[in-house]
Amino acid sequence: MERPKKKTEKPSLAAQCRVLTEAAVLWALLAAGAQLFFPEEQSALPEGAALGWAALRICLVTPLAEELAFRGGALYLLQPLGGRTAVVVQALLFAGLHGSWTARAYALGMGLIFGWAARKARSVWPGCALHMINNCLVFAARLAERGMG
């Protein structure tokens with residue numbers, strides 16, 4: 001007979017992978033909906049060597065920092081409000097840091113999904129992985145719009 005898990009135990013790797021898969025499906029639906037309902041936003045990318053630094057910042061550094069700050073720090077600090085409330089509040093804070101109303105709406109959805117995943121998996125890594133994928137896809141789309149892709 002399997003012993004019941006304590007609330008403080010981390011979920012198994014298989015359970016964390018299931019959370020990652022569920023969050024990925026939710027994120028993909030959010031991304032597809034955003035493409036359908038929100039107009040494209042154009043922003044300039046740098047040229048030359050600065051483009052490589054921009055790619056590193058956009059695809060790796062920023063998503064990692066945001067996930068650690070919001071799904072790591074803020075979500076943890078907001079737990080006294082209750083788990084669901086903490087997820088919503090950190091998502092609102094996350095959305096507030098993004099520029100246009102379109103970007104904020106999309107970031108709110110991402111914050112809710114990634115916050116839910118972090119809470120369920122007891123780990124920031126599902127959100128980190130999906131956030132990095134998201135930003136890489138956005139970066140690649142911007143390159144393609146510019147005619148480099």
### Task
Grab every C-alpha pair in segment 51-95, bin the distances at 10 angstrom width from 0 up to the longest one, and report whole percents.
29, 41, 21, 9, 1
### Query
How much of the calculated P(r) for the chain lies past 24 Å, in percent of all Cα pairs?
36
### Task
Send over a whole-number figure in Å² for the accessible area per residue of the chain, probe 1.4 Å.
61
### Message
So, R0 is 22 Å and r is the distance between the beta-carbons of residue 56 and residue 24; what FRET efficiency does that work out to, to 0.05?
### Response
0.40
### Message
I'd like the orientation of helix 125-146 relative to the chain: the angle between its Cα long axis and the longest Cα principal axis, in ° from 0 to 90, rounded to 10.
### Response
10
### Message
For a Förster distance of 25 Å, can you work out the FRET efficiency between the beta-carbons of residue 47 and residue 102, rounded to the nearest 0.05?
### Response
0.45
### Message
Compute the angle between helix 101-121 and the longest alpha-carbon principal axis of the chain, please, reported from 0 to 90 degrees and rounded to the nearest 10.
### Response
30
### Query
Taking all protein chains as present, what is the carbon and sulfur share of the accessible area of segment 73-149, in % to the nearest whole number, probe 1.4 Å?
70
## Note on the structure
The extension gain from residue 9 to residue 92, computed as 0.36 nm times the residue separation minus the Cα-Cα distance, is 27.1 nm
### Theoretical ellipticity at 222 nm over the chain - DSSP helices of four or more residues, -39500 (n - 2.57) apiece, nearest 500
-21000 deg cm²/dmol
### Query
Which angle between 0 and 90 degrees, to the nearest 10, do you get for helix 13-37 versus the longest principal axis of the chain when only C-alpha atoms count?
40
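The values are calculated or read from the model by the stated rules, or taken from the named source; none is laboratory data. Here the structure is a predicted model, which is why all the values come from computation and not from measurement. Please note: Cβ atoms are built from the backbone with ideal geometry, for glycine as well, and neighbour counts cover all protein chains shown. These accessible areas exclude ligands, DNA and RNA; they are computed on the full protein's heavy atoms, side chains included. Shrake-Rupley method; radii C 1.70, N 1.55, O 1.52, S 1.80 Å.
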